[in-house]
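Below: one structure, written as structure tokens.
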């Protein structure tokens, strides 16, 4: 057996392993440490995506009205969250499979991987393709709704450009899926196909940016027109505009991290962020569209927003004049004031409330009947 010289740094020392053919090869502790850190980062990355997708899926199911659950946008957004959850779970399963055993990674020997485990990776790659298609379908639907007031020619041009961009992104993802599945079944890697992988990532980011830019510009133009008409209330259009800007910028930031050497795996968060933003904007806008008090203008609009959302009560909703039924202290003083409807005929028998409530700042309580001779 050959011996290696004593290393200067034991944490990066080399050691000898036997390959599947019986020959020796050198490995390094630095390689083992790299695989260890990469596995931890990937596990944290995909686990957070599972939690975020499941949480928002439950919120979407609980907060969406029953009559809205048959709509196309609800079905597409829910499908995106389901597919993203399954994709993230299968990626975490990869870390516990023989694909990520230390010896397999160091020797590139995956002969002991079963066909079932290979099939799991094929399903994971295929679900990613379906997720990209669902995201593009959701964005196309939103652009179509945003352009509903546009002329037929403008609508044809906008939908034509966005559809071409989406088809390019889906085409690249389809190519990556086919190549990846073929390489998985023959225990190969994607090193020689890295340029195609980068192109697929770039085209997907560009497609999302183009879609969001189209309906964000469309909504921004509509908001400017409403501002000229002095319709400045905060409502669903402003919400979609805000979320459109976020969907246009934040996933692009995460996509750009693909080309960094420190955290390349975090780029997968871009799909999860899009899957979260799409239903979140719909739920937020639906809240304002169904509540006219919240989506109203005025100098105290933000105060009414917080008051209506966090300080609502069943009493206030069932009896809107409850705070007007009882007068302030001293209203009826001696019963002779100008604010008293009964004048000197008013007598309070007890403290029991038998009043007839009206939309005024006073109420009439039980009193003695007036004699005809004393009536004015």
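Quick notes on this structure:
- Over segment 153-211, Cα pairs under 8 Å with separation of 6+ residues give a relative contact order of 52 percent.
- Annotation: extensible slack from residue 225 through residue 114 equals 33.8 nm (criterion: 0.36 nm per residue apart, minus Cα-Cα distance).
- Label separation (residue 95 vs residue 217): 4.1 nm, computed from points 7 Å beyond Cα along the C-beta direction.
- Protection proxy ranking of 118-130, 8-20, by the mean of other Cβ atoms within 10 Å over each peptide's residues and highest first, is 118-130, 8-20.
- Remark: the residue 31-residue 187 segment gains 54.1 nm on full extension, using 0.36 nm per residue and subtracting the alpha carbon distance.
- Label separation (residue 24 vs residue 154): 7.6 nm, computed from points 7 Å beyond Cα along the C-beta direction.
Where a number appears in this text, it was derived from the coordinates with a stated rule and is not lab data. Since we're looking at a predicted model, the values are computed, not measured. For neighbour counting, all protein chains shown are included, and Cβ atoms are generated from backbone atoms with ideal geometry for every residue, glycine included.
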